[in-house]
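Comments concern the structure below.
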Amino acid sequence: HGSGTHRHAAGGFADHRARRPSVAMSGRASVTQLALPTGIKKLTNIAVVRLKKAGVRFEIACYKNTVVAWRDGFEKDLDNVLQTTKVYNNVSKGVFAKEEDLLKAFGTKDEEKVSLLILTDGELQVSEKERKNVFDTIFRDAVTVLVEKCVNPSTNRPYPPGMIERALREIHFSVDPMRSAKQQALAAIPKLRAIFPIKRAAMRFKFVVGNEWFDKTVQFLESGAVLDAVVERTTKNTNNSESEIVCVADPSAYRLCDAFARDETGKTGRLEVVTVAVTEGGVSSGAFESSSGVHESSSSGGVLVAKSDKGDERNEELGPSSDAIREVARDVRVLDLDAGGCGGGADADRRRASRVSSLVAGGAPRSERGVDVEAGAGVEVLYVRGKIADLPESYASRRDRFAPLDDIQDGWTVELRRRAGSSVVDAVFFDPDGVGYKAFADARREALKSKKR
């Protein structure tokens, strides 16, 4: 037994000696015995585009995040996309494609042309980071579409991007890379409507028809066939054979209106899109930016409620011209402190949000919206206060845009001013009582109220 143990130990020692690397005279290991480090990661900055044709697999090596940009037309320089114009059978193993295979599959041995064909039609092996980048881009584009094309129905003002983004995450909005961002954004509106009030912003159309079709077009718009159609302005030219009708309507009515303009007017009419999204200025009533500490989000309903915890200092940050918003902030602070009137929880948040919405939608008192009747120092008057219809031809676009004020209520005037050193021309509107308004939206809203009264 002892001898057996000795032989086993000797054999083990012999095997151990056999596995030792050979040592040169210098005491260093032989070059043939060196092994590559196991921690190396190869092909970390390569995106492989693969195409199988004529029974042979062809691959090209590209830079990451460039193939999609090339296919979408954003990247024009091929050198910024391809690592090399060489065509491979296997990129990871470094096996080049044979010339006879290229000739058989593509009819040419020019590897640059073959690389371009593979880049255009091949299958892209997308990495996790690239996929995340594509999803994030589509998500941001969807948020932008909703901000630009949707409004709060009660105020007709757009929501800020931050609120739309949080709402999309709350409804678990999932990105589909095979559909456009606009399609996915519009499909998400019904789900968003369950959280807070939102709708597509109306579009402003202009019908240009012959005088003989004028009455028929107006009747078509007022019949209710066009969703949410409101005729804003009509111009029946006696000296010209064409008349114009400007209206706002739901975007879904575009095809119906276009078909009517082409087919129901003797093929002489046409439809023009004046404004893609008709919105009021400023942000929506329930959407105050959280980054400044001005609002808090209701965890149950997603309704944003204005709230200020910095007292009058925050009111000053809203700007000296934002009297209406400051008044709302003060009222909301009182509402928030009045726990006995509203209570706590989601119901309280909804009641507070409703009262905030009514405050902002109702607007500030007329005295708070007044502006200086006379231009102050350093302000140049480009058009002295006068009728909108008398605006000079150099301001024809403004004249056309402000014309609805005269249609709603007579007696409105406008004055164009420009501050010293600035190229921006400001319009100040005055109602028949002489009260000034800095924004056309405020003036139009006041004119509509006066008309109802």
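The values are calculated or read from the model by the stated rules, or taken from the named source; none is laboratory data. Owing to the predicted nature of the structure, the values given are computational and were not obtained by experimental measurement. Using ideal geometry, Cβ is built from the backbone for each residue, glycine included, and neighbour counts are taken over all protein chains shown. The area values use the complete protein model at the heavy-atom level, side chains included, leaving out ligands, DNA and RNA. Shrake-Rupley method; radii C 1.70, N 1.55, O 1.52, S 1.80 Å.
The table for this structure:
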| quantity | calculated |
| --- | --- |
| 5 Å-binned pair-distance histogram of region 111-238 (Cα, whole percent) | 2, 8, 14, 13, 11, 10, 10, 9, 8, 6, 4, 3, 1, 0 |
| Coil-residue chymotrypsin sites (Phe, Trp or Tyr not before Pro) of region 57-140, DSSP, other Cβ within 10 Å capped at 13 | Phe74 |
| Cα centroid separation - region 225-268 against region 399-453, whole Å | 26 |
| Reference-scaled alpha-carbon Rg (2.2 N^0.38 Å with N residues) for region 210-266 | 1.09 |
| When each of Lys182/Lys206; Lys206/Lys267; Lys52/Lys76; Lys53/Lys132 is checked by Cα-Cα distance, pairs over 22 Å | Lys182/Lys206; Lys52/Lys76; Lys53/Lys132 |
| Cβ-defined net charge surrounding Ser154, 12 Å radius [Lys, Arg +1; Asp, Glu -1] | +1 |
| Two-decimal ratio, region 55-176, of alpha-carbon radius of gyration to 2.2 N^0.38 Å | 1.54 |
| Cβ-defined net charge surrounding Thr238, 15 Å radius [Lys, Arg +1; Asp, Glu -1] | -3 |
| Solvent-accessible area per residue for region 127-195 (1.4 angstrom probe, square angstrom) | 56 |
| Under 5 Å, built H, 5+ apart or other chain: amide partners of Lys53 | Phe58 |
